[in-house]
Amino acid sequence: MKFAKMHGAGNDYVYVDCFQQVVHNPSALAVEVSDRHFGIGSDGLILIMPSQVADVRMRMFNADGSEAEMCGNGVRCVAKYAYDHGLVASRQISVETGAGVLALQLFTNPDNRVEKVRVNMGKPRLSRGEIPMTGPPDEQAIHLAVEVLDRTFHVTCVSMGNPHAVIFVDNVEEFPVGKYGPVLEKHPLFPNRTNVEFVEIVSRTELRQRTWERGAGETLACGTGSSAVTVAAVLNGHCERTLVNHLLGGDLEMEWAEDGHIYMTGPAVQVFEGDYSPR
């Protein structure tokens, strides 16, 4: 199997070109290739596929084999792979995801290789039924008190096609993400589990984020999470609608525009290509 290892702000995946190849059991393959000791090493597996409704289609599988709706960092790398490998010719492309069809703008270097991508992440969904959460389906969960282990957190919940729970903390660098993240991920409020973002407010236009990603554990970045964090920061009165989010793996430029859509701009990097023989 030919593959590419790519990352967006350190959020790394194994990418397989399914225009040329067939993957029969992607869930099992995701677990295998994600292993950082006995596999390739990644946060999961992303398949780049033909689409009937867009230029390309992506399917994303977490490191535990579960399929997720979307990945903001991953979709930027899908766009880079598609352009750099000649699957698309335009710098304005569409990608079909489990969260809908997204529009992407590609920025190339002097060698005509994509190095940065702007993604229209769509409109945030705020009702419990859309996220999904338990409770009244039309109700929003903004600054909601939730008891977890020995603490009470105030959580703002957003769907960007996948569920997110955003918590603002004083010092994100020292926060015990590994203690509270997995418990919140599987909290009874979230029937499909949830991604969890822990966020420090730096200024009206700057944030710092750490992410406990559903099915993958702590990752260096999360694009859908950064989008959800932008919405939560605005709704809670912490930030302006345009900001820079500092993640462990790099920075993302975020905007909650007047049209209601979230726009995310960030890097897309290919680390290496190779051949892999599934066990």
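The values are calculated or read from the model by the stated rules, or taken from the named source; none is laboratory data. Here the structure is a predicted model, which is why all the values come from computation and not from measurement. All Cβ positions, glycine included, derive from the backbone under ideal geometry; neighbour counts span all protein chains shown.
When the residues of region 184-202 are filtered to those that are in contact (Cβ under 8 Å) with a residue 24 or more places away in the chain and surrounded by fewer than 13 Cβ atoms within 10 Å (Cβ to Cβ), which remaining residue is farthest from residue 131 (Cα to Cα)? In this case the residue turns out to be 188.
How many residues are over 27 Å from residue 66 (Cβ atoms) and either part of a loop (DSSP other than H, G, I, E, B) or not polar (S, T, N, Q) (or both) when one looks only at region 170-206? Residues in region 170-206 being over 27 Å from residue 66 (Cβ atoms) and either part of a loop (DSSP other than H, G, I, E, B) or not polar (S, T, N, Q) (or both): 10 in total. The single condition among (1) out of contact with any strand residue (DSSP E or B) (no Cβ under 7 Å at 6 or more places or on another chain); (2) outside the structural domain of residue 199 (by TED's automatic domain parsing); (3) free of Cβ contacts under 8 Å to residues at least 24 places away in the same chain; (4) of a type outside the set (Ser, Thr, Tyr) that residue 138 does not satisfy is (1). Screening residue 258 with (1) more than 17 Å from residue 77 (Cα to Cα); (2) not in a loop (DSSP other than H, G, I, E, B) gives one miss only, at (2). Of the residues in region 97-106, at least one is part of a loop (DSSP other than H, G, I, E, B), among the small types (Gly, Ala, Ser) and touching a residue at least 12 places away in the same chain (Cβ under 8 Å).
When 41, 74 are checked against the criterion of being surrounded by fewer than 23 Cβ atoms within 10 Å (Cβ to Cβ), of a type outside the set (Lys, Arg) and outside the structural domain of residue 226 (by TED's automatic domain parsing), a single residue qualifies: 41. Of all residues in region 230-249, those satisfying the criterion of being within 14 Å of residue 168 (Cα to Cα), among the aliphatic types (A, V, I, L, M) and touching a residue at least 24 places away in the same chain (Cβ under 8 Å) are 231, 232, 233, 235. Only one of the numbered conditions (1) buried (at least 19 other Cβ atoms within 10 Å of the Cβ); (2) closer than 20 Å to residue 63 by Cβ is violated by residue 167, and that is (2).
Among the acidic types (Asp, Glu), closer than 23 Å to residue 120 by Cβ and out of contact with any helix residue (DSSP H, G or I) (no Cβ under 8 Å at 6 or more places or on another chain): does that describe residue 32? Considered against the rule, which asks whether it is among the acidic types (Asp, Glu), closer than 23 Å to residue 120 by Cβ and out of contact with any helix residue (DSSP H, G or I) (no Cβ under 8 Å at 6 or more places or on another chain), residue 32 comes out as no.
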